[in-house]
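The values are calculated or read from the model by the stated rules, or taken from the named source; none is laboratory data. What you are looking at is a predicted structure, and each value in this text was computed from that prediction instead of being measured. Virtual Cβ from ideal backbone geometry, glycine too; neighbours counted across all protein chains shown.
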Amino acid sequence: MVVAMGRWQPLFIGGVTLILSLIVMGLCALVAGANPVTAIVAIFEGALKGRYEVLATLAEFSAISLTGLAVLIPLRTGFFNIGGQGQVELGALAAVVIGLFVTAPGWIVMIIALLGSLVAGALAAVVPLFLRVQRGASEVTTTIMMNFTCVLFMYVMVTGPLKDPKAFYGTTKLVSTAVRLPTLFEGINAGVLIALGVAVLMYLVGRYTVFGLQSTAVGCNRSAALAGGIKVDRVMVTAVLIGAAIAGLAGGVQILAFSFRVAEGWSKSWGFQGIAVGFMGGNPLGVLVVAFIFAILETGSRNMQAMTGVPAALVSLFQGLPVLIYVGLQAAIRISRWKTGAGRSRRRVVVTR
Amino acid sequence: MIIVRNKTWIVTVVLLLVALLGLAVAGCGSTTTTADPATTTTGAAKVKAGMMFSITNPPKAGGWDRADWVGVQYLKNDLGWEIAVAEGVPYPQTAGTAAGYAEKGYNPVIFPDAGQSEAFKSVPAQYPKTWFVMMSAVDALPDAPNAAAWVPDFYKYGNMVGIIAAKATKSGKIGLIGGVPVPALVILFSGAIEGAKAVNPNVEVTVSWVGDWVDLPKHKEVTNLQVQKGVDVIFADSGPGTTGVFEAAEAGNAKVIGFAADWYDDAPNAILTSALIDAAKMYKQMAEAFSNGTLKKQIYPCGFDFFRAAPFRGSVSAEVEKDITDTIAKLGSGELKIPEVTHEEINPQ
Amino acid sequence: MSSWIVSFLLATMRDAVPLIFAALGILLAERAGVLNIGVEGQMLAGALTAVVIAVLTQNVWIAVVAASITGAVIGVIQSFFTVYLPADQIVVGIAINGTCLGLTSFIYKITIDKGMQLIAPGTLQSIAPGLKDVPVIGFFASWSPLAYIAIVAVVLMYLFLFRTGPGLLLRSAGESAHAAHAAGLNVTLLRTIVLCAAGSLCGLGGAALGLAVVRSFTDNLTMGRGFIALAAVYFARWNPLLAFGACLLFGAGEALAFRAQAAGVGLNPYYYLMLPYVMTLIAVGLFGKGRGPRDAGKPYLKG
């Protein structure tokens, strides 16, 4: 099977994935006793029809795009950052703590809180980094471990020292309105623009700075990069810290723009979705596109569940299935082109790992 | 994994992004109209209600969810309301879901879970045209005028539970197991303790909190710990995790009193009886008030006439059953007076 | 022995059995060079299959076999994506987890909507419940039959990996897929078979959860236990005997967490739940990576 689509490939795969996923979801809706067409329409309506819905989708988008970047940037140097969820939670925790306890004019506290979430996110990656650099331990394990450690640590804080005394479950108080990120035009929150800005920034860094090019070199062929004089360890460490900081920022933005506090059950699985987004996106701008699609699926499927009465289980299904389809299609196409020797297009394809 | 460097592709991506954002902004135009609560009349327009559960599968989840579900079915089938039900919404995200319903013009928005009190208190002020009703215990109404609550007298209900447990126990030790320590549950358990003591001053009551409504192994383990201490009658108030309580009780030859709905079919060997709450009646009253336009900002109390014990089906001897039924009747008629004591010490918060 | 300790030890063993099976599955796969991150999904699928089949047939052993088969099927699907195509093992693993969570919850809801009471026979809860109160023997009689099977499986896995020819070949494929291929081994086939076996072991772990720890199913029954098994494997540095010990340790942590919460004393229960992950990180930090399979996680592309 020779598929020669060149530069349109990711869009094509994305489109097919969406269509196949919708078909499967429609079938499941049918089995559950709902009208499949209504269910599918409910997904799009829930995500895009109406101002409130679009804003909700953009809120998810701001989180998922940042966590996608958090996976992508270290990935370029060959480091798998699976600990995104934990980094998000720590970043959110830092933002809440700073928001609640630092006394200063509102917008100053907001800036400090955002910076704090960056630092907290990076801190969450220190242990896995250390273990990889000093001990050669595979970061796949250590970042997963850190994930749960950070999330549980956040739960400890939220059910213990930081708990709102008036609440009956683990939650902190809300950060005051003065500290929150402002809403800009048409109700779009500044947090969304932060996400877009960071993505563009990372794109520029990746393409036009020494660091960015070094990252790619390290990821492609570590020994060659080393031989070429690049300090591979330092590049990798920097990339990972940046990635983790971005994940922390995702948490901070969610707090200051949308949730205003951390609690048991406050977050969604942005970290894990970010892994898929980072892989599927391929580069910061691609991450934005994929993240937007994921955000649509997220808000849309919740709306579908509420409006058509299909089981909530389909929401999780909709998180896992599209990834499988996309990854499968992408790999299938790549292998078929590789095997047939096709692909002498102007596109320079670099395969890592 | 492929890293792509090609200017054309990047441009395409950017264009797509711009197009998508444009689509989004274009879709921003429409806002949905909301119904004015004061002028809603019966039968004129179809009522669209929105509600959210914190667990999934409400018809088969916890006792309160099942009891509520009967009410929901009544609204749907008997009154022809259109009800959108969101499932599995964690407490911190409830406010967002409720606001979402209000935005889309759903009216009323129903909160079936006492744990959702935070959202119930914060959302109504933002949507003055929508009615928000809490169909469970809440300590106070929000400031906004468009909120009401149907509050069962959980203390009295707890008295009834305590009486049943204290009279049915052979070991003199009874247990109360709760999922999440919501204030309503603390009141309920306080009532149970006092009710049990009124009937048998020497009864030993153990209170345990699982920490969530759903974790099966955890519920089983907590129940195990009680059963090992000699508890032989347990009242379990939790969500889907209640199945774990039944398993441990059955293994340890203890009996369970079910919460709010009739649990007999789930665990015929373990169920003693169930302390039923007529949530359907609550929903009926709420629907009538809403449709007639008589819904007011107030707490509508649901007293003893909403509670009764399910058939014992031979789980205790005939004399014990009669004794229990008589005592409950005395509680209902006021002949048996039980002091109102809130046992804050059982609250782990 | 005081009854608190007896009950605590029994709870430890009970909580550890699903972890042991899952850990063996993960370990086997990683020794052959494949990451089995989809363990949560396999356990959930195994648990649901076990409970449903047990209710339908009223025979727990058929249910256990069915659960293994389900796990194996998911393993084959996983191998299609990661070995045959190949796509990245981590992304596929996480996607499988999400997909299985959705599918199992969906099927669960359909079965109870049809009126099935998903309460399985309690045969696997303990070997001889009647002997419960007999001193010493009663303690061992309160273990699930699956616990004994798990112990045997641990020993067999150790012997297979370290004392047999095929085990050596498997480990070599994990160290360097290309070298193994050069030596004549069909690495693709090996990895597929191994994923199938790993899947069936993890499915077995799910059956242990759904039939031995409890007797029913609910949404997301595993609640992250698959990742705890993953932690146990790394903590034990891919050694089956040490992994068994790690699972016991983590099972004890879980039992302790419940007791602390129920009694309202001790540390915040979430600290106990953190134990497996923190201890694994510390172990990795102290003892280094250990001689684990070098090629684990890399897709194998025939040159």
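Yes/no matrix, rows are residues, columns are (1) more than 18 Å from residue C:267 (Cα to Cα); (2) within 8 Å of another protein chain (Cβ to nearest Cβ); (3) assigned to a helix (DSSP H, G or I):
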| residue | (1), (2), (3) |
| --- | --- |
| A:127 | yes, yes, yes |
| A:132 | yes, no, yes |
| A:141 | yes, yes, yes |
| A:146 | yes, yes, yes |
| A:152 | no, yes, yes |
| A:158 | no, no, yes |
| A:162 | no, no, no |
| A:168 | yes, yes, no |
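Looking across the range A:86-117, just one residue is within 16 Å of residue A:156 (Cα to Cα) and of a type in the set (S, T, N, Q), and that is A:87. Could you please let me know if residue B:270 is of a type in the set (Gly, Ala, Ser) and in contact with a strand residue (DSSP E or B) (Cβ under 8 Å, 6 or more places away or on another chain)? Criteria met by residue B:270. A search for C-beta distances below 9 Å between a residue of the range A:47-64 that is within 9 Å of chain B (Cβ to nearest Cβ) and any residue that is among the aromatic types (Phe, Trp, Tyr) and not in a helix (DSSP H, G or I), counting only pairs 6+ apart in sequence or on different chains, returns nothing.
For the range B:83-109, which residues satisfy the criterion of being more than 24 Å from residue B:292 (Cα to Cα), part of a helix (DSSP H, G or I) and under 18 Å from the mean Cα position of the chain (by Cα)?
B:91, B:92, B:93, B:94, B:95, B:97, listed by residue number.
Only a single item in (1) crowded, with 18+ Cβ neighbours inside 10 Å; (2) farther than 24 Å from residue A:252 by Cβ is not met by residue A:189, and it is number (2).
Only one of the numbered conditions (1) within 21 Å of the chain's Cα centre (by Cα); (2) of a type outside the set (Gly, Ala, Ser); (3) farther than 16 Å from residue B:167 by Cα; (4) not in a loop (DSSP other than H, G, I, E, B) is violated by residue B:262, and that is (4). Please tell me if residue B:257 is among the aliphatic types (A, V, I, L, M), part of a strand (DSSP E or B) and within 14 Å of chain C (Cβ to nearest Cβ). Taking the combined requirement at face value, the residue does not satisfy it. All of (1) under 20 Å from the mean Cα position of the chain (by Cα); (2) under 28 Å from residue A:127 (Cα atoms); (3) surrounded by fewer than 22 Cβ atoms within 10 Å (Cβ to Cβ) hold for residue A:258 with one exception: (2). For the range A:133-174, filtered to residues that are at pLDDT 85 or above and among the charged types (D, E, K, R), the residue that is nearest to residue C:228 (Cα to Cα) is A:163. Anything in the range C:192-220 that is within 14 Å of chain B (Cβ to nearest Cβ) and either touching a Pro at 6+ places or on another chain (Cβ under 8 Å) or among the polar types (S, T, N, Q) (or both)? List them, or say none. Within the range C:192-220, C:205, C:206, C:208, C:209, C:212, C:213, C:214, C:215, C:216, C:218, C:219, C:220 qualify. Confirm whether residue B:198 is of a type in the set (A, V, I, L, M, F, W, C) and without any contact (Cβ under 8 Å) to a residue 40 or more places away in the chain. No; evaluated as a whole, the condition is false for this residue. Regarding residue B:164, is this residue surrounded by 24 or more Cβ atoms within 10 Å (Cβ to Cβ) and modelled with pLDDT of 95 or more? No: the conditions fail for residue B:164. Within the range B:230-251, take every residue that is more than 7 Å from every other protein chain (Cβ to nearest Cβ) and in a loop (DSSP other than H, G, I, E, B) and give me the one that is farthest from the chain's Cα centre (by Cα). Among those that are more than 7 Å from every other protein chain (Cβ to nearest Cβ) and in a loop (DSSP other than H, G, I, E, B), it is B:230. The selection criterion, being surrounded by fewer than 24 Cβ atoms within 10 Å (Cβ to Cβ), within 11 Å of residue C:23 (Cβ to Cβ) and within 14 Å of chain A (Cβ to nearest Cβ), does not hold for residue C:229.
Of the helices (runs of 4 or more DSSP H) lying entirely inside the range B:124-229, the ones with 3 or more residues being within 13 Å of another protein chain (Cβ to nearest Cβ) and under 19 Å from the mean Cα position of the chain (by Cα) are found at B:183-199.
Residues in the range C:179-198 that are surrounded by 15 or more Cβ atoms within 10 Å (Cβ to Cβ) and of a type outside the set (Ser, Thr, Tyr): C:180, C:181, C:185, C:187, C:190, C:191, C:193, C:194, C:195, C:196, C:197, C:198. Considering the range B:267-290, the residues that are part of a strand (DSSP E or B) and within 21 Å of the chain's Cα centre (by Cα) include one that is surrounded by the most Cβ atoms within 10 Å (Cβ to Cβ), namely B:275.
Here is the figure for the range A:178-187: residues that are modelled with pLDDT of 85 or more and within 14 Å of chain B (Cβ to nearest Cβ) total 0. The single condition from (1) on the phi > 0 side of the Ramachandran plot; (2) in contact with a Gly (Cβ under 9 Å, 6 or more places away or on another chain) that residue B:219 fails is (1). Checking every residue in the range B:110-122 against the condition of being in a loop (DSSP other than H, G, I, E, B) and either crowded, with 24+ Cβ neighbours inside 10 Å or among the aromatic types (Phe, Trp, Tyr) (or both) gives at least one match. Whenever a residue of the range A:227-253 is over 10 Å from residue A:122 (Cα atoms), its partners that are charged (D, E, K, R), lying with C-beta atoms within less than 7 angstrom and at least six residues away or across chains, give the pairs A:232/A:222; A:239/A:76; A:251/A:89. Looking only at residues in the range B:139-161 that are out of contact with any Leu (no Cβ under 8 Å at 6 or more places or on another chain) and within 23 Å of residue B:272 (Cβ to Cβ), which one is surrounded by the fewest Cβ atoms within 10 Å (Cβ to Cβ)? Per the criteria, the residue is B:153.
Is it the case that some residue within the range A:224-242 is closer than 17 Å to residue A:64 by Cα and surrounded by fewer than 24 Cβ atoms within 10 Å (Cβ to Cβ)? Even if it seems obvious, please write down each step before you answer.
Initial filter on the range A:224-242 (closer than 17 Å to residue A:64 by Cα): A:242.
Pick out the ones that are also surrounded by fewer than 24 Cβ atoms within 10 Å (Cβ to Cβ) and you get A:242.
Within the range A:224-242, one or more residues are closer than 17 Å to residue A:64 by Cα and surrounded by fewer than 24 Cβ atoms within 10 Å (Cβ to Cβ).
Of all residues in the range B:45-92, exactly one satisfies the criterion of being acidic (Asp, Glu), more than 21 Å from residue A:304 (Cβ to Cβ) and surrounded by fewer than 20 Cβ atoms within 10 Å (Cβ to Cβ), namely B:78.
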